[in-house]
Structure formats: structure tokens, C-alpha cells
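See structure below.
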Amino acid sequence: MNRLITLTALSLALAASSAARGQESAAGQDDPFSRYDEVSALATRKGYQGIKIEIKSALSNPVRNAQSYLRVAELMKRAGDVRAEAYYVKAIEADSADPAYELFYADYLRNVRGAGRPLFSVAEKHYFRAMEKLGRIEKKRAWDEETRKRVERGLVALYQQDGLPVIYTRRDDGASTESSLARPFLFFGSINRLAQLTGDFDNADDIRSFTSEALLAASRRNADLSEGELLGLARVKNQGETFDRFRLRFGAGAWPVVDLSYRHREIARAQVTNFFDPRKLNDVYLNEYGVSVEKSLGVGPYFDLFMRGGYEHVSRKGLIEFLPGSRESVNQFEMQTAASRFVGPDKAILEAAYVFQDINQAVPVKIRRDRHIAAATFTYQLLRFSAGPAYRNRFDTRGIHIFAGTVNDRERFGSVALVKHDYFVGASLKGLGTYEVTIQPTIFTARVAGDPNERKNSQYRTNLSLLWRIKDEEEEPGLPDRLRWLNPAFIHLALPFKYDVAIRGPKEFENYNVGVALHAKFFRTGARRATFLTSAGYNFQRFPRLNKNLNLLSCSFSMGF
């Protein structure tokens, strides 16, 4: 009898234990997102040193299931340990039916890895594998809908720079290209800008440009410019630009990306027609046709790499002195590369670019014309003090970004050359909740090599920008509950400020500029998923020594960027 009572009690205890395990599972033990949230909370609480201890402890014991592999991968991600990639793969292999593990790996490749650009082809492959697995699930679990939303949002973010999908590749099973699983092959992107600026879209060094123009005019006439002439040079340039591009992604993203592009730009009052009389100004027109190839890839456990090469044929009118109606034909060659590497949880990125322009003038008497531009920037993303929250983000890793760089620009005009150098450093505090602060001191220099007078000038600029995230993209890692034709991703209010002072040369063009701008990003989902950026801003610029005020407006709209 006692034995029967004991067996009965044991059976009841086992049943209760089994029920408890079932309730625990239903409560989230098998939910990969619960393990993801657990690691995020742990990393925030313990910091970088605590994460390292947790990784060591986890690896000292056998890892047997998908959730344990995921936990190790997420810890390694926050420590900047590239072994995370192998543990994401192990998690997928351990539970090959659950699409959530494909999602976590794809997010890692898109948002954490890459030299300023995602490891696109591998991330794309795993997002689509997640979608295929979602389609095969017969009995939906509680977290499958969240997985679906985050996969779709991840694909939107992955393709956001490409533009609108135009042509899709057919799936291996011959299914219709209208299927949500069809991979986009050809994209169309368009960037359109209108502005009233004191510089050009590509050149923000207005104080140096105005100073160089004044020095050249004074040298030509061997006399200083009048106040009225100086006032005329400190001018507003009304300008507009459209940039249209077709982007081809071959071979499921494994091949380099090919871009075919066209640019048209018009700038009013952009160029001094005759430096003997600097009051005469003319418009500049530009048409550009280009082709480029780029590729982002991971080079083993050492670093991630981005490479881009391009050629543009440019036809422009209005830049030749005395002959504003004559054209220049420019063959432009570009090379750009970037490499990134983790330093603990921090990330270091080195970027370099080189541009060569072979310039041919349609004039009776030609002079030798070419231009060489070389630039380099080093960025250190300091994330160790916020490794938990920074690496929880799906769209941006926010910490303290410290950067420095230089630009060397040498443009030949026959026997002389205009040589310009930029030197800048700065820091961007991105992890301040809904706010962001960026400061960038810059030094501009210019001289005319080959000129007996070797006219020189230099300036110092302070750039300061305050950003308020009215709607933060990170607050909605998946899709909104109610999808619309167009959905807001973020809305930012920016307050830019700059102050320019002369170091060497004329001081008349010293100025300050304060503004306000609203930036917004919207996105579409589904087969026609695309991202749209809009911006509108106002700036007030004052030249105190000239007692001149300028009101400047700008706006832009782009599909892809």
C-alpha cells in the first residue's frame, strides 16, 4: 500500500513537473526573442567586462541547443568578437526550422558588420531563407509574427540605398516574380535637390571660395576690391540637381553591384565671368553620365572591406573665364575603399578616395587642365561604454564616434595650379537617447602654385549640429501595427551652426550661419519595398564685416540614396 502511494505521488510529481515545463515553454523558454532580450538586459547591466566573463563562462560548458548558441553569438556581437558569425550559423543548424535564427544572423551582417556598408549578399540570403521558413510553418507559434515583421523591416533597411525595385529574378521553382520571395534584380533611384546656398552642393567651403575669388581679382587689377565688389562676391547661388540611377545586383548579390547614372545640375551666379571685373557672374550647367562597380565583403576574421570604382563623362558649361558659353569635357575616374575592424566592442573604420579629372576645353587656345583629389577619413566608434544598448539597435550602433580626416585637391590651370587642403577632426555623441550632438573643427587652406605671388589664404571653421529624434527608427524594430501605403521610419529636427574666421588673407568673408531643418524617412513594404528621404531647411547667414545678411532655403527628395 505504501509503495502504491509512493508511486502515485511520484507520478503526480512528474506530471506537475511536465506541466510546469510546458507552461515555462509557453511563457517563452523556446522563444528566441526572449533569449535575445535576456542578453541585451545582461549586457546593459554588466557592461563590456561582464560580457567577456559571460562569454568565457558560456564556452567553458558544452553548448547543445539553438538558444544557447544564439546567446553566445549575441554576447560575442556585443564584445566585437567576430566568432559571433560561427555561433549564429550553429544556432541555425541546431534549429533549422525556426526562421528567427536566420533573422538574427541577417541583422548582424546588415547592421553590425561591414565597412560602413552591410555585408549585403550574405545578409540578403539569410533574410530570404527566413521568409522561406516562415512560409513552411504549419502551426504558427507566438513569435513567428514578430519574426515576419522584423524580416520584412530588415529587408527594407537592406535595400534602402538602392531605390525602387523594377525587375525581379525568378525563383528556382519557377514561381511568379510577383511573389514576396522573388529577389530584386534591377532598381531605380532618384535624388533631387533645390537650394539657395553660398557654396555648391559638393563644396561647403564658401569662405575659401569667396576669398580666392577676391584675391585673384585683386591680383589681376593690382588693386584691392571695393566694398561693393566684395559684397557682390558674397552671394547666394540658386541651384538645382537631379541624379538618376539604375542599379543592377547580379547573382543573388554575390557579384559586384553595377550602377548606371545620370546627373544634371544648374547653378545660378556660380562663376566670375571676368576677374578683371568680378561683378560679372554667369551660370554653370553640368551633365554627367557614369558607370560604377562596388562590392562589400568580409575578409576572414581580420576586417571587412568595401571597394568601389567608377568612371564619369562630364560635360559642363560656364566655368571657362571670358568664355561662359564654351564647354569643357571631363573624363573622371574615381576609386574608393574602406576597411573596418573591431577593437573589442569598438569599431575602427578607415576610408580613402581618389579622383582624377582629365579636362578638355572646347576653346581655340587650350591650356593643360587636370585635377587630382585625394581624401582619407578615420572613424573610431567608441561603443564599450554602451555595448548593451548600442548593439541592441537594429538600424544604427550609437555611441561616441570620433573622426579625423584630410582632403588634398590640386587643380591645374596651364602653368599654375590651385592647391587646396582640408584638415578636420570631430566627434558625434549619438547615444544621448533621443538627441545627438556633433562638433567638427576644420581648417581650409589654399595657394596658387607656380604664381610668383603664390596667393595664399586659410580659414578656420567650427561646425556644430544638434539633432532631436522626434520619431526614432529604433523604437519600432519591426513593422507598425497598421501598415500604410507609406510608413514613417524617422522624423528628425536638426539645428546646424557654423562659424568661419580667417587665419590668413582677407577677413571680409568671415561669417556665421545658423539654421533649422526637418528630415524624414518613409518606407514601403512588400514586393515594391523602397525607402524615401525628404528634407527641408532654412539658414540665416551673416557676414559681419560686410554688414550683409542672407536667407537660404533648401529642400530635397530622394528614392534611394
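Ordered from highest to lowest accessible area with the whole protein assembly present and a 1.4 Å probe, MET335, MET559, MET307 read as MET335, MET307, MET559. Could you list log10 I(q)/I(0) for segment 356-453 at q = 0.18, 0.23 Å⁻¹, which the Debye formula gives when each Cα is one point scatterer? Evaluating at q = 0.18, 0.23 Å⁻¹ gives log10 I(q)/I(0) of -0.87, -1.13. Given R0 = 30 Å, the distance between the Cβ atoms of HIS372 and ASN551 translates into a calculated FRET efficiency of 0.25. Solvent-accessible area of VAL166, all protein chains in place: 60 Å² (probe radius 1.4 Å, heavy atoms, ligands and nucleic acids excluded). When every Cα-Cα distance of segment 215-274 is counted in 5 angstrom steps from zero, the calculated P(r) takes the values 4, 13, 13, 13, 9, 9, 8, 7, 8, 6, 5, 3, 1 percent. Farthest toward the positive end of the dipole of the chain, out of TYR168, PRO488, ILE137, is the Cα of ILE137, where the dipole comes from beta carbon charges about the Cα centre. Axis of helix 84-94 versus longest Cα principal axis of the chain: the two differ by about 40°, to the nearest ten degrees. Every pair of different Cα atoms in segment 224-313 enters the Kirkwood calculation, which places the hydrodynamic radius at 16.9 Å.
Taken over segment 404-531, the ratio of Cα radius of gyration to 2.2 N^0.38 Å equals 1.55. Over the chain, the Kirkwood radius and the radius of gyration, each from Cα atoms, give a ratio Rg/Rh of 1.07. With every protein chain in place and a 1.4 angstrom probe, the accessible-area ranking of THR198, THR445, largest first, reads THR445, THR198.
Just to confirm a number: summing +1 for Lys and Arg and -1 for Asp and Glu over residues other than GLY232 whose beta-carbon lies under 14 angstrom from that of GLY232, what do you get?
On the way: positive: ARG235, LYS237, ARG269, ARG279, LYS280, LYS548; negative: GLU213, GLU227, GLU229, ASP277, GLU508.
So the environment of GLY232 carries a net charge of +1.
Note on the chain: with charges restricted to the Cβ of Lys and Arg (+1) and Asp and Glu (-1), its dipole about the Cα centre is near 280 debye. The sum of -39500 (n - 2.57) across all DSSP H runs of n ≥ 4, divided by the residue count of the chain, sets its helix-only mean residue ellipticity at 222 nm to -8500 deg cm²/dmol. The heavy atoms of LYS548 offer some 50 square angstrom of accessible surface to a 1.4 angstrom probe. The smallest convex shape that holds all Cα atoms of segment 62-178, its convex hull, gives 122 Å³ per residue.
Which FRET efficiency value, to the nearest 0.05, is calculated for ASP37 and TRP468 with the Förster distance at 25 angstrom and r the Cβ-Cβ distance? So the FRET efficiency works out to roughly 0.35. Solvent-free Debye calculation, one equal scatterer per alpha-carbon of segment 71-115: log10 I(q)/I(0) at 0.23 Å⁻¹ equals -0.73. Remark: segment 271-423 projects, on average over all directions, an area of 12.5 nm² (convex hull of Cα atoms).
Counting only the Cα atoms, segment 180-252 fills a convex hull of 131 Å³ per residue.
Identify all lysines with a Cα-Cα distance to LYS471 below 20 Å; exclude those on the same chain that are fewer than 8 residues away in sequence. Reachable lysines: LYS149, LYS430, LYS521.
The values are calculated or read from the model by the stated rules, or taken from the named source; none is laboratory data. Values in this document were obtained by computation on a predicted structure and should not be read as measured data. Cβ atoms come from the backbone with ideal geometry, glycine included; neighbour counts cover every protein chain shown. The accessibility values were calculated without ligands, DNA or RNA, using every heavy atom of the protein model including side chains. Shrake-Rupley method; radii C 1.70, N 1.55, O 1.52, S 1.80 Å.
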